[in-house]
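> Please read through the structure below; I'll follow up with questions.
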Amino acid sequence: MRVEVVTASAEETEAIAARLARGLSLGDVVTVSGELGAGKTTFVRGACRALGVAALVTSPTFTIGHRYAGDVPLSHLDLYRFDSVSPAEWGDLEPYFDDAIVFVEWPEAGAGVLPPARLEVELGHEGGDRRRIRLHSPDPSLLQGIA
């Protein structure tokens, strides 16, 4: 199922992410793509807040990954610095997927290596603070009530 929605602010983008996050379970992978500044980390922040993360949620571009304690364990990966993910690099990333809900920014670098996504999110600029959010999930119930 595919859904598209346009938000007018970072707060609205976070609210969409929060609604979706409530339908996620341990082991779910969410890929978040879009150009620089499209709101990927803003989206992840909204999901993390809805899942009980009180810590500051920031982009892990330079650290590759963050692990957050919330109502469930959450991992936030950023593959921006990767052209692709080698088997050795996958060995470093794999622990982030153990017993967690995982958000992966710039997932294109992990094509063919990452576990299948329950939710694919694509963000795009629409001018000013407006963002177009395209959502795709094989599970229609996850997208129910969005848009």
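> Can you list the HN-Hα couplings for region 3-19, worked out from phi with the Karplus curve (6.51, -1.76, 1.60; θ = phi - 60°), rounded to whole Hz and with x for Gly and Pro?
Each residue of region 3-19 in turn: 9, 10, 9, 10, 10, 9, 7, 4, 5, 5, 5, 4, 5, 4, 4, 5, 4 Hz.
> Return a whole-number percent for the relative contact order of region 32-83, with Cα pairs under 8 Å and 6 or more residues apart as the contact set.
On the way: 53 pairs, mean separation 14.4, N = 52.
Value for region 32-83: 28 percent.
> For Glu89 and Leu36, compute 0.36 nm times the residue count separating them, minus their Cα-Cα distance, and round to one decimal in nm. Before the final figure, lay out each step's value.
Working: separation 53, 0.36 × 53 = 19.08 nm, distance 2.33 nm.
In short, 16.8 nm is gained.
> With the other protein chains left in place, how much accessible area per residue, in square angstrom, belongs to region 1-105 at a 1.4 angstrom probe? Don't skip to the end; give the middle numbers.
Numbers: 4870 Å² over 105 residues.
Per residue, region 1-105 has an accessible area of 46 Å².
> With 10 Å bins from zero, work out the P(r) of the chain over every alpha carbon pair and list the percent per bin.
For the chain, the pair-distance distribution reads 12, 46, 36, 6, 0.
> Pop out the carbon and sulfur fraction of the accessible area of the chain as a percent, whole number, probe 1.4 Å. Spell out each step's value before the answer.
Working: 3620 of 7090 Å².
In the chain, the share of accessible area belonging to carbon and sulfur is 51 percent.
The values are calculated or read from the model by the stated rules, or taken from the named source; none is laboratory data. A quick note: this is a predicted structure, and the numbers were derived from the prediction, not measured. Surface areas here come from the heavy atoms of the whole protein model, side chains and all, with no ligands, DNA or RNA. Shrake-Rupley method; radii C 1.70, N 1.55, O 1.52, S 1.80 Å.
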